[in-house]
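Remarks on the structure that follows.
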Amino acid sequence: MILHTAMLVGAAKALCARRDELPGTVVFMFQPGEEGHHGARHMIADGLLDAPLPEAGFALHISPNMQMGHVVSRSGTLMASTDTLRATITGRGGHAAMPHDCLDPLPIACEIVTALQTYVARQVAVTDPAVLSITKLNAGSAHNVIPSSVEMLGTMRTLSERTREQVRAAFIRMVEGIAAAHGAVGTPTIEEGYPVTVNDSRATELIKAVATTIGGEGAYQVMPPMMGAEDFSYVLQKLPGAMAFIGAAPEGSDPRTNPPLHNTKMTIDERVMAHGIAVHCAVAERFLANGFD
């Protein structure tokens, strides 16, 4: 986040130094709470895009798994939606030596996890995929005590709102139905996360033109959709635009095996900041001069 902020500050400084030459207005968006706290949505609610509504929006994100300075993006769906999944499976606790006198919620929770994975693998189209990962099961306090309940936590990612609703409904149905089949109670909760990030094709072409002008042929590549999520998606719901990634792999490293984003061992080539500033400035100048033409 510090790197992204530094690049945008640099672009703001460079463009403001030439503000009298620009045929329009540039709004610089510094998102608080981008990682899971819906910062862009709150900024929009506070009037970021009001009076007047910008004609386009662009965002740039670094990647340690791409060659330094290279830009990647795609038209259409770029990144996934994300929802947080929670469930409580309530049974009846007791002595672990006498499970027949209890209603053990742990095997029920395990059955739900397996059923969810089977559902995604067998009932969600591979052409419109979903990822559902249960990442935490919390239950029990001693080796000889069957707990009365299990807390489940996970995440769900999809590349379309249609599949998002389909998998949400399946999660609720399976938590409630499988628990009920064993005489237990399943209580599912879905915390709505970011929507799907969808790039406008014209904006993506503009980013491609800028990347190749700055870095030459081969400096722009088309990426497949990824199951990460981004709150810039809220901006792209309101106006045409695009998000792209810029490579920050250290010189001499293999981008394919570098520690990825959100890894404590991630390293970057700080020269990417100059490249990112140049891309930000060139995108703004090109759009102000020619729009999407």
- Task: State all residues of the stretch 207-225 that are crowded, with 16+ Cβ neighbours inside 10 Å and touching a Phe, Trp or Tyr at 6+ places or on another chain (Cβ under 9 Å); if no residue qualifies, say none.
- Result: I207, K208, V210, A211
- In the stretch 22-71, which residue that is among the polar types (S, T, N, Q), in a loop (DSSP other than H, G, I, E, B) and within 21 Å of the chain's Cα centre (by Cα) is surrounded by the fewest Cβ atoms within 10 Å (Cβ to Cβ)? N65
- Taking only the stretch 84-107 into account, find how many residues are within 35 Å of the chain's Cα centre (by Cα) and surrounded by fewer than 22 Cβ atoms within 10 Å (Cβ to Cβ). 6
- Task: For E251, indicate whether it is closer than 27 Å to T158 by Cβ, assigned to a loop (DSSP other than H, G, I, E, B) and in contact with an Asp or Glu (Cβ under 9 Å, 6 or more places away or on another chain).
- Result: no
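Got a sec? Which of A278, A242, A284 is surrounded by 19 or more Cβ atoms within 10 Å (Cβ to Cβ), among the aliphatic types (A, V, I, L, M) and touching a Ser or Thr at 6+ places or on another chain (Cβ under 8 Å)?
Every option except A242 fails the conditions.
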- Residues within the stretch 158-192 that are assigned to a helix (DSSP H, G or I) and more than 24 Å from T127 (Cα to Cα), tallied: 7
- Message: Looking at the structure I just gave you, is M174 touching a strand residue (DSSP E or B) at 6+ places or on another chain (Cβ under 7 Å) and crowded, with 16+ Cβ neighbours inside 10 Å?
- Response: no
- Task: For the stretch 123-133, state whether one or more residues are surrounded by fewer than 18 Cβ atoms within 10 Å (Cβ to Cβ) and in contact with a helix residue (DSSP H, G or I) (Cβ under 6 Å, 6 or more places away or on another chain).
- Result: yes
- Any hit, the stretch 256-267, residues being part of a loop (DSSP other than H, G, I, E, B), closer than 23 Å to P129 by Cα, touching a residue at least 12 places away in the same chain (Cβ under 8 Å) and among the β-branched types (V, I, T): no
- Working only within the stretch 94-136, note down all residues that are within 16 Å of H182 (Cβ to Cβ) and not in a helix (DSSP H, G or I). G94, C102, L103, D104
- Please list, ordered by first then second residue, the pairs with beta carbon atoms under 6 Å, 6 or more apart or interchain, first in the stretch 26-45 and on the phi > 0 side of the Ramachandran plot, second surrounded by 18 or more Cβ atoms within 10 Å (Cβ to Cβ) and part of a helix (DSSP H, G or I). G33/G39
- Task: Take G247 and decide whether it is of a type outside the set (A, V, I, L, M), surrounded by fewer than 18 Cβ atoms within 10 Å (Cβ to Cβ) and modelled with pLDDT under 95.
- Result: no
- Message: Given the criteria closer than 25 Å to A45 by Cα and among the small types (G, A, S), does G241 qualify?
- Response: yes
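Do we find that T204 is outside any strand (DSSP E or B) and either assigned by TED's automatic domain parsing to the domain that holds S233 or surrounded by fewer than 19 Cβ atoms within 10 Å (Cβ to Cβ) (or both) in this structure?
yes
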- Looking only at the stretch 1-14, decide whether some residue is in contact with a strand residue (DSSP E or B) (Cβ under 7 Å, 6 or more places away or on another chain), surrounded by fewer than 19 Cβ atoms within 10 Å (Cβ to Cβ) and of a type outside the set (D, E). yes
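The values are calculated or read from the model by the stated rules, or taken from the named source; none is laboratory data. Quick caveat: nothing in here was measured; it's all calculated off a predicted structure. Counting neighbours? That spans all protein chains shown, and the Cβs are built from the backbone with ideal geometry, glycine included.
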